[in-house]
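So the structure is just underneath, and the comments pick up after that.
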Amino acid sequence: MSTATVTTIMDLCEELWPASYAESWDTVGLAVGDPAAPVRRLLLALDPVDSVVAEAVDGGYDMLVTHHPLLLRGITSVNAGTLKGGAVHALIRAGVAQFNAHTNADSARGGVTDVLAEVLGLTGTTPLAPTAEAPAGVGIGRVGDLSGPQTVESLARRLAAVLDATVTGVRIAGDPDAEVTRVAVLGGAGDSMFDAVRGSGAGVYITSDLRHHPATEARDTANRTDGTPHLIDISHWAAEALWLDRAADQLATAAESAGHEIDIAVSRIRTDPWTVRIDQPLDSHSGPAPAGPVFTDPSAPTED
Ligand SMILES: [Zn+2]
């Protein structure tokens, strides 16, 4: 067993989540660090926010590998008095390298989206938007089939059970009682993918960060006969945090077979920004009732 370097980790990550799979607008790879520096202890996390940077620094880690980028857009200063500059200074001062695998990890086989598709029991999955010049199966989102028809609500309840609890919870747009077999899923912000979802024949689309206008337009353009695709909105953080343990296992296995001993930990800091939800009685809503049964009774029994 030999000591790994930042370069070693970058090479292992490239095998798992090739940078060429990343979307053109994305930033992936090494943001901070000396490629030649040794890495004995590595921290894996979803977001390189201040609390996670502090965990890496205070915990004596040599490298922080995240899903979301620290520096997505170009910067012209690393002034320590700014948010990003402060993080860069803290990392360099403590000798912590920072690397990320974002849409390349979303798109890779066995990556973020596949982990989410697996917990739903989807089979025969293919990408919603295949990545150009990548092997088959690589791309953004997945569409696949359940073993049999399930109601949209039972699927939403399954998600509520397997995902970490969040204040935003799990929401349905459309008919909770509709039965679906074909499911489209995208772990991150997915409201730019409706054309691909409609083209996939999915009965339901599970994604995060659905905004008002894309969601209402998607309902207005849903299939007139069966209302598909119905929508299930899940927490961006919870949907992607599901992947961290898998990524840690994959990285540990790859490091070991390359002859390196690395202590890999997964951050348990919740980086979901939402902290409180104020529940409102539904009869407080003014105006006409929604066309479909949008709200469901959270105390209703599960169907499966
Ligand atoms: Zn994300």
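Just to confirm the filter: which GluC sites (Glu not before Pro) across the stretch 48-155 are DSSP coil and have at most 16 other Cβ within 10 angstrom of their Cβ?
133
In degrees, nearest 10, range 0 to 90: what is the angle between the Cα axis of helix 6-16 and the longest Cα principal axis of the chain?
So the helix axis and the longest Cα principal axis differ by about 30 degrees.
Can you give the net charge of the other residues whose Cβ lies under 12 Å from the Cβ of residue 137, counting K and R as +1 and D and E as -1?
Details: positive: 109, 142; negative: 114.
Taking every Cβ under 12 Å from that of residue 137, the sum is +1.
Relative to the longest principal axis of the chain, what angle (0 to 90°, nearest 10) does the C-alpha long axis of helix 83-94 take?
40
Round to the nearest 10 and give me the degree value, 0 to 90, for the angle of helix 152-162's Cα axis relative to the longest principal axis of the chain.
Compared with the principal axis, the helix lies near 30 degrees.
Once amide H atoms are placed 1.01 Å from N in the peptide plane, what residues at a sequence separation of 5 or more from residue 32, or on another chain, have their amide H within under 5 Å of its amide H?
Sorted by chain and number, the residues that satisfy this are 98.
Within the chain, which is the longest segment that contains none of the chymotrypsin sites (Phe, Trp or Tyr not before Pro) sitting in a DSSP loop with at most 16 other Cβ atoms within 10 Å?
The reported range is 26-273.
With the Cα gyration tensor of the stretch 112-238 giving a ≥ b ≥ c as the square roots of its eigenvalues, does the rule (a/c under 1.5 for rounded; else a/b larger than b/c for prolate; else oblate) give rounded, prolate or oblate?
rounded
Residue 220 versus residue 20, label points 7 Å from Cα toward the beta carbon: distance in nm?
4.2
Which value, in debye to the nearest 20, describes the size of the charge dipole of the stretch 32-125 about its Cα centre when Lys and Arg Cβ atoms bear +1, Asp and Glu Cβ atoms bear -1, and nothing else is charged?
Roughly 240 debye for the stretch 32-125.
How far, in nm, would the chain grow between residue 165 and residue 93 when pulled straight, counting 0.36 nm per residue and subtracting the alpha carbon separation?
Gain on stretching residue 165 to residue 93: 22.4 nm.
Taking a ≥ b ≥ c as the square roots of the Cα gyration tensor eigenvalues, with a/c under 1.5 meaning rounded and otherwise prolate when a/b beats b/c, else oblate, which class fits the chain?
prolate
Could you size up the charge dipole of the chain around its Cα centre, putting +1 on the beta carbon of Lys and Arg and -1 on that of Asp and Glu, and report it in debye to the nearest 20?
440
Find which of 143, 95, 42 sits farthest along the positive direction of the dipole of the chain, computed with +1 on the beta-carbon of Lys and Arg, -1 on that of Asp and Glu, about the Cα centre.
Value: 95.
Among 110, 159, 207, whose Cα projects farthest towards the positive end of the dipole of the stretch 85-210, with charges put on the beta-carbon of Lys, Arg (+1) and Asp, Glu (-1)?
It is 110.
May I ask which residue of 239, 53, 257 lies farthest towards the positive end of the charge dipole of the chain, with charges of +1 (Lys, Arg) and -1 (Asp, Glu) on Cβ and the Cα centre as origin?
53
Using the Cα centre as the reference, give the magnitude of the dipole from point charges on the C-beta atoms of the stretch 112-238 (Lys, Arg: +1; Asp, Glu: -1; all else neutral), rounded to the nearest 20 debye.
40
Read the figures in this text as sums done on the coordinates, not as results from a lab. Small disclaimer: the values here were computed from a predicted structure and weren't measured. Positions of Cβ are backbone-derived with ideal geometry, glycine not excepted, and every protein chain shown enters the neighbour counts.
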